[in-house]
Amino acid sequence: MSVLITNGRIITATDDFIGDIYIEGEKIVSVGKRLEVTAEHTIDATGQLVMPGGIDPHVHLDMPFMGTFSSDSYETGTRAALFGGTTTVIDFILQKQGHSLREAFDEWNGRASGTAVGDYSFHMAVTDFNEQTKPEIRTMVEEHGITSFKTFMAYKGALMIDDRQMTALMQEVRRQGGLVTVHATNGDMIDYLVARHRGEGKLTPRYHYLSQPEITEAEASCRFADISHYTGCPGYIVHLTCEGALNAVRNATTRNQHIWVETCIQYLLLDASRYGEDFEGAKWVMSPPLREKKDQATLWAGINQGLVNVVATDHCPFRWEQKLMGKDDFSKIPNGHPAIEHRMELLYSEGVRKGRISLQKYVELTSTNAAKIFGLFPRKGTLAPDSDADIILMDPNRQHTLSTATHHMNVDYSAYEGWQLTGKIQTVLLRGKVAIDQGECKVHKGYGQFLKRHRHTGLP
């Protein structure tokens, strides 16, 4: 089927003009002004922003954690993402210690294949790097197009690897043309503080925050940067939250090193005042926790300085009954919050509309940079001939309110209940097909495709 989008304000990471986009099948054929073509379906985008579909490179769907599973499946999670303008997600496969990467891939792929509504790919979280795991890195890159490998510097005994494993993994990933991403917090220090607070009977959600002070993230970020520099392996810090951690990245630039940095929408907009002495704060129990207002200012500045490259979500939702597992002990609250549906609209309303970032920077943060860093560009992340026709149309002036009553995520509360936003996603195309239109999903379970990705090639 052919589609013609006319008279929209076309925004990419480099462009801003009124024009048209012509699509045949799944691909963009041409982009320009006053295209003289005829299509089977025409969309008049007058007054709307026309931008590349969002890419969220940090989500956790159907993820086993603390004796339960995150509440969004690949079906519900990717559908909710589409409603919010995100057409592609990259999820995390978690290797079990003592098991192979292949086993983990088969498990996660089995949950996603045939169920995802939007397009998806995987990062491979390596929790047990050894001589048996080592040759699997090449297999993941060459056979499955999984070119990014996550490490945890926390969650000792479950996900955490030590510096010896980190160094060896980075050397092998570099040889195979991949990228290592990291959850950079000092796990030993956090475990000590958790135990101390529990021993003192301090069990409310506030002590989740107090068990992960800024220094735990700053120290680990610095250590990761040093190991990345020594091995020459490209490094990417996920969900960076604070001034100390960003300063570790800033300091690395003085030796001509580049570390990719992702923050998440919640760290730009919410702060630690959400953690009171009652259990309501469990809605925002995540790791790392929300930080201080000075850290929000640092992150916004880091975006415009080019130090922060991606805004993701770390979408890991749990229903309230699951959060109640920790009602008497903060350390038993499942970590994570729902945001996959709201990232694009929140960042536009709070970022672009309030003058914090430009429209081109918005596209970089929500789509283009992730596509380039993770080997999806130019198939994804831009509006250009031969790119996938993943396109969002946003009414930049439409006001709306975020609420549990209207969101599509499988969770019974909202981290942003009552937030009033300006800018609403109206229409979403995924690979040339209208996926969302006027509040209705037009694509079915299983429409989403698994995306094999290219090797990491360097700077966007």
Any chance Val194 is assigned to a strand (DSSP E or B) and at pLDDT 95 or above: no
Out of segment 109-154, which residues are under 20 Å from the mean Cα position of the chain (by Cα) and of a type in the set (Asp, Glu)? Asp119
Please work out which residue is most open to solvent (accessible area, probe 1.4 Å), limiting yourself to segment 1-47 and to residues that are part of a loop (DSSP other than H, G, I, E, B) and of a type in the set (A, V, I, L, M). Met1
Residue list for segment 213-243, restricted to those being open to solvent by less than 10 Å² (accessible area, probe 1.4 Å), among the hydrophobic types (A, V, I, L, M, F, W, C) and either assigned to a helix (DSSP H, G or I) or modelled with pLDDT under 95 (or both): Ala220, Phe224, Ala225
Got a sec? Which of Val285, Val249, Val261 is of a type in the set (Val, Ile, Thr), open to solvent by less than 10 Å² (accessible area, probe 1.4 Å), closer than 22 Å to Asp314 by Cα and over 18 Å from the mean Cα position of the chain (by Cα)? Val249
Selection from segment 310-354 of residues in contact with a His (Cβ under 8 Å, 6 or more places away or on another chain), open to solvent by less than 10 Å² (accessible area, probe 1.4 Å) and of a type in the set (Gly, Ala, Ser) yields Ala312, Gly336, Ala339
Can you go through Ile93, Ile55 and tell me which one is within 27 Å of Tyr348 (Cα to Cα), aliphatic (A, V, I, L, M), in contact with a strand residue (DSSP E or B) (Cβ under 9 Å, 6 or more places away or on another chain) and not in a loop (DSSP other than H, G, I, E, B)? Ile55
Taking Lys380 as the residue in question, decide whether it is of a type in the set (Lys, Arg) and farther than 24 Å from Ile237 by Cα. no
State yes or no: is Gln399 open to solvent by 60 Å² or more (accessible area, probe 1.4 Å), touching a residue at least 12 places away in the same chain (Cβ under 8 Å), within 23 Å of Gln266 (Cα to Cα) and not in a loop (DSSP other than H, G, I, E, B)? yes
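The values are calculated or read from the model by the stated rules, or taken from the named source; none is laboratory data. Here the structure is a predicted model, which is why all the values come from computation and not from measurement. No Cβ is skipped: glycine too gets one built from the backbone with ideal geometry, and neighbour counts run over all protein chains shown. These area figures cover heavy atoms from the full protein model, side chains too; ligands, DNA and RNA do not enter into them. Shrake-Rupley method; radii C 1.70, N 1.55, O 1.52, S 1.80 Å.
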